[in-house]
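Notes follow once the structure below has been shown.
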Amino acid sequence: EGERLLQVKFSECGDCLHCLIQDNGIGRERSREAKLATGQGKKHTSKGIQVSTERLGAMNNGGPCKGSLQIIDLKDETGKASGTRVEIIFPIQNN
């Protein structure tokens, strides 16, 4: 419901590429609850975050920049879910 917003931003900082993805959706907790209510949550186990984190770790080349992935649940001033932010840091591979 309402205006949907999805932002994707990239920036370079030294030996790192930063990616910020943010939406104004219902948040992970309500999404999880909705899936459980419909029975979807019991049928599927996502491995995407785990695989992505492992790949970022494999990209670490011993330089000052370490790859990482962080998911942040956003809340408004009343504590209600107001979206999700994903921050990904990629080490730049200089070959």
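Couple of notes before you dig in:
- Residue within the stretch 16-38 that is at pLDDT 90 or above, exposed (fewer than 11 other Cβ atoms within 10 Å of the Cβ) and out of contact with any Lys or Arg (no Cβ under 7 Å at 6 or more places or on another chain) present: no
- Residue satisfying all of: in the stretch 39-56; among the polar types (S, T, N, Q) and modelled with pLDDT under 85; farthest from residue 19 (Cα to Cα) among these: 40
- Residue list for the stretch 77-90, restricted to those being crowded, with 16+ Cβ neighbours inside 10 Å and at pLDDT 90 or above: 83, 84, 86, 88, 89, 90
- Within the stretch 57-76, the presence of a residue that is at pLDDT 85 or above, in contact with an Asp or Glu (Cβ under 6 Å, 6 or more places away or on another chain), surrounded by 13 or more Cβ atoms within 10 Å (Cβ to Cβ) and not in a loop (DSSP other than H, G, I, E, B) is excluded.
- Residues that are basic (Lys, Arg) and under 30 Å from residue 91 (Cα atoms) within the stretch 1-41 comprise 9, 28, listed in sequence order.
- Test: residue in the stretch 47-68 that is among the hydroxyl-bearing types (Ser, Thr, Tyr) and farther than 21 Å from residue 93 by Cβ: no
The values are calculated or read from the model by the stated rules, or taken from the named source; none is laboratory data. This one's a predicted model, so the numbers in the text were calculated from it and none came from an experiment. Cβ: placed from backbone, ideal geometry, glycine included. Neighbour counts: every protein chain shown.
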